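The structure under discussion appears below in the form of structure tokens.
The values are calculated or read from the model by the stated rules, or taken from the named source; none is laboratory data. Note that the coordinates shown come from a computational prediction; the quantities given were computed from them, not determined experimentally. Please note: Cβ atoms are built from the backbone with ideal geometry, for glycine as well, and neighbour counts cover all protein chains shown.
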Amino acid sequence: MFRMTGAQLVIQLLERQGIQVISGVPGGANLPLYDALSRSTIHHVLARHEQGAGFIAQGMARVTGKPAVCLATSGPGVTNILTAIADAKLDSVPVVCITGQVPSPLMGTDAFQEVDTYGMSIPITKHNFLVRSVEELLTVIPEAFRIAASGRPGPVLVDIPRDIQVAEVHFAEWPQPGEADPAPRAYDADLENAASMINAARRPLLWIGGGVVAAGAGSQILELAEKASMPMTMTLMGLGAVPRDHALSIGMLGMHAERYTNMAMEACDLILAAGVRFDDRATGKVQEFCPNAKIIHIDIDHSEIDKIRTASLGILGSINEVLEELLPRVQENTRTEWLEYISALRGAFPQHAPAEGGHDSPQRLIRRVGELVEDDTIICTDVGKHQMWTAQSYPFRHERQWLTSGGLGTMGFGLPAAIGASLAAPERRVICFSGDGSLQMNIQELATAAEQRANVTVVLLNNNCLGLVHQQQELFFKANYFSSEYQIAVDFIKIAEGFGWRTVDLAGSSDPDADLANAFAGRGPCLVHVPVDREEKVLPMVPPGAANRVMIEGEKHA
Amino acid sequence: MPKSIPRTVLDVTVANHPGVMSHVCGLFSRRAFNVEAILCLPVNGGEVSRIWLLVNEDDRLEQMIRQMRKLQDVHDVRVCNENTAVFDQLSTVMAQ
Ligand SMILES: Cc1ncc(C[n+]2csc(CCOP(=O)(O)OP(=O)(O)O)c2C)c(N)n1
């Protein structure tokens, strides 16, 4: 017979799940959990804000692909962490968030620090639990991990009232740790059908989304692309699944694609859409998206198939397993005519993103960083122009190398997610490209990074404004720059130093390469400050709501 | 009840606990998809409940069903056209 408190049970179940690091912030309603955690082998990372704790967990989960855990107390702790949970939902990241709740007898009385955590978390989690007895923890905790990791991953929230944390529980046997369920198997007939559609296509194309990264299917995608000569395009979330500089890669599609990429999409006659959800930023005006193409849609989530655009063939399954079975049925084909057409498009509409690094534009600087650091460096961003520049210009080479807030587009994601990434992969370098607006959204986590000695380099592209908003106002609101230009210039070098960070300032640098090398030479957190002109834009661009062929810029490139 | 719009009934089997109704109804409200009528009864000694939702036949129905099947507490979803009659009978009682 085992005998312990609910809080001790939760912590021991987490240990049995293999959890080694947890991020969070303590408070009245989760103090019993923290007391138990203090006697655990698990390393606790004390964030400075619960949103930071949530994104730290996301950083760990995005790098490893395994569920990561974060903690918050009731009331304001919960409301603070929900943004990071909603972000995990939209990007399908497996996170288990455990929140303290006021004691069960007080629930519903507007008790101190009581909010309806269960009700508020329903639409932004994959699943949520309100634990109503201490015995339930024996099933709820493993279930939370099983659900977070199964099928299409996602966040699970477990709300535990304080009285249940301190209650005694007796049990005879430990439950098994929660594991991902096996994926459904695709039908042979569908695989045959898919193979013959590919074999018959003259201009087929692969469209790679975050689902490919989640399934770890990058190598199978590459094999298929090479065997059948299919050019590959990626969504924002699919970047890194295949090397950016691969001959068959045509880069990211959609709103901030290269023009030739969107033109290639227009011309294709078959799209193999793998782990994508037809997001409007990728498809543009969806009625005019690839009107001539048949679509084979492979996804682990049945509700994604036919959601936005009816597929000619939908295949429900895990992308790596489906491709394993599909590959032997697909014929080798050089498709010279199609590949020549793609090269001609590339020639006619040369790539806007730089092919080589440099220091005269933010895009070239991002590329330069990619040339200087190790291949396995983890790249994180915040949200804004700097995010799109990184997506367009960084030479990605590996799956799970790229962490960005795609679906929710949350400013403030970058720094804490980078800390989490570095906790999960301490031997690897983590770089976060951020903007001055975004960095200020979770700037308190500079302290967490310093305390953890996280090997994180923040490259701050500082234009002293909300850059992407500024650009939209210029292009679509007659340059009425309202509330997007900051009236004071914050001294980020001083701030970072105040938090105990090393700093490197590229402002007025006579040898930026040497300064960058200097930044990357040491371990531990380092801020690289890069002044950027407000007028530097993200181009080319499809205006919101327009079809992907309607692009601003990208016709010619000097 | 006005008969102009074709209606159908979704027969949903769910785990019986206090949060289930919110999970199911939330899927409809966030898509601005109106549920015309609801019936819910515990079955099998209260372990599970059956919810009948009277809804308009709409292009989005298939998507709604797939979304509902993703909910952990939903065991089964079926479309049962015949069951609309039960709601017709109820309306004679409730619409008085
Ligand atoms: C939390 C949050 N609030 C507001 C927005 C809207 N928004 C999108 S980009 C942006 C500006 C980002 O500025 P900055 O981080 O400095 O990056 P830059 O565009 O200048 O590179 C804003 C306000 C958002 N994405 N997230």
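Observations, loosely collected:
- Qualifying residue in region A:406-429 (condition: buried (at least 24 other Cβ atoms within 10 Å of the Cβ) and out of contact with any helix residue (DSSP H, G or I) (no Cβ under 7 Å at 6 or more places or on another chain)): yes
- Number of residues in region A:411-442 that are in contact (Cβ under 8 Å) with a residue 60 or more places away in the chain and among the hydroxyl-bearing types (Ser, Thr, Tyr): the value is 1.
- Candidates in region B:66-94 are the residues that are β-branched (Val, Ile, Thr) and surrounded by fewer than 17 Cβ atoms within 10 Å (Cβ to Cβ); of these, the one that is nearest to the other protein chains (Cβ to nearest Cβ) is B:Val79.
- The single residue among A:Ala496, A:Ala507, A:Ala514 that is under 26 Å from the mean Cα position of the chain (by Cα) and either free of Cβ contacts under 8 Å to residues at least 60 places away in the same chain or not assigned by TED's automatic domain parsing to the domain that holds A:Met265 (or both) turns out to be A:Ala496.
- Some residue of region B:14-31 being more than 14 Å from chain A (Cβ to nearest Cβ), modelled with pLDDT of 95 or more and on the phi < 0 side of the Ramachandran plot: no
- Residues of region A:107-154 that are β-branched (Val, Ile, Thr), away from chain B (no Cβ under 12 Å) and more than 16 Å from A:Cys70 (Cα to Cα): A:Thr109, A:Val115, A:Val134, A:Thr139.
- Residue count, region A:521-535 (criterion: of a type in the set (Lys, Arg) and more than 16 Å from the ligand (Cβ to nearest atom)): 1
- Neighbours by Cβ (under 8 Å, 6+ apart or cross-chain): first from region A:457-482, within 14 Å of another protein chain (Cβ to nearest Cβ); second more than 12 Å from the ligand (Cβ to nearest atom): none
- Some residue of region A:334-356 being of a type outside the set (D, E, K, R), under 14 Å from the mean Cα position of the chain (by Cα) and crowded, with 18+ Cβ neighbours inside 10 Å: no
A quick yes/no check of all residues on (1) within 14 Å of A:Lys385 (Cβ to Cβ); (2) of a type outside the set (A, V, I, L, M, F, W, C); (3) more than 9 Å from the ligand (Cβ to nearest atom); (4) assigned to a helix (DSSP H, G or I):
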{"residue": "A:Ser405", "(1), (2), (3), (4)": "no, yes, no, no"}
{"residue": "A:Ala421", "(1), (2), (3), (4)": "no, no, yes, yes"}
{"residue": "A:Glu427", "(1), (2), (3), (4)": "no, yes, yes, no"}
{"residue": "A:Ile431", "(1), (2), (3), (4)": "no, no, yes, no"}
{"residue": "A:Ala450", "(1), (2), (3), (4)": "no, no, yes, yes"}
{"residue": "A:Val458", "(1), (2), (3), (4)": "no, no, yes, no"}
{"residue": "A:Gln471", "(1), (2), (3), (4)": "yes, yes, no, yes"}
{"residue": "A:Lys478", "(1), (2), (3), (4)": "no, yes, yes, no"}
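- Test: residue in region A:51-63 that is over 27 Å from the mean Cα position of the chain (by Cα) and not hydrophobic (A, V, I, L, M, F, W, C): no
- The residue of region A:370-403 that is nearest to the other protein chains (Cβ to nearest Cβ), among those that are part of a loop (DSSP other than H, G, I, E, B) and within 16 Å of the ligand (Cβ to nearest atom), is A:Val383.
- Answer residue from region B:42-65, given it is away from chain A (no Cβ under 14 Å) and loosely packed, with under 11 Cβ neighbours inside 10 Å and is farthest from the chain's Cα centre (by Cα) among those: B:Gly45
- Residue list for region B:19-35, filter: in contact with a strand residue (DSSP E or B) (Cβ under 8 Å, 6 or more places away or on another chain) and free of Cβ contacts under 8 Å to residues at least 40 places away in the same chain: B:Met21, B:Cys25, B:Phe28, B:Phe33, B:Asn34, B:Val35
- Members of region A:300-321 found to be closer than 22 Å to A:Arg202 by Cα, buried (at least 18 other Cβ atoms within 10 Å of the Cβ) and away from every other protein chain (no Cβ under 14 Å), listed by number: A:Ile315
- Scan of region A:354-369 for residues that are away from the ligand (no atom under 16 Å from the Cβ) and either within 14 Å of another protein chain (Cβ to nearest Cβ) or assigned to a loop (DSSP other than H, G, I, E, B) (or both), ordered by number: A:Pro354, A:Ala355, A:Glu356, A:Gly357, A:Gly358, A:His359, A:Asp360
Rundown of residues vs (1) part of a helix (DSSP H, G or I); (2) touching a helix residue (DSSP H, G or I) at 6+ places or on another chain (Cβ under 7 Å); (3) under 14 Å from A:Cys97 (Cα atoms); (4) aliphatic (A, V, I, L, M), yes/no style:
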| position | (1), (2), (3), (4) |
| --- | --- |
| A:Ala29 | yes, yes, no, yes |
| A:Leu33 | yes, yes, yes, yes |
| A:Gln51 | yes, yes, yes, no |
| A:Phe55 | yes, yes, yes, no |
| A:Val69 | no, yes, yes, yes |
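- Among the residues here, A:Ser104 qualifies as within 14 Å of chain B (Cβ to nearest Cβ) and more than 16 Å from the ligand (Cβ to nearest atom).
- Test: A:Asp306 is of a type in the set (Asp, Glu) and within 18 Å of A:Asn262 (Cβ to Cβ): no
- In region A:495-512, the count of residues that are hydroxyl-bearing (Ser, Thr, Tyr), away from the ligand (no atom under 16 Å from the Cβ) and in a loop (DSSP other than H, G, I, E, B) is one or more.
- Test result for A:Pro328, away from the ligand (no atom under 16 Å from the Cβ), more than 25 Å from A:Ala521 (Cβ to Cβ) and more than 14 Å from every other protein chain (Cβ to nearest Cβ): yes
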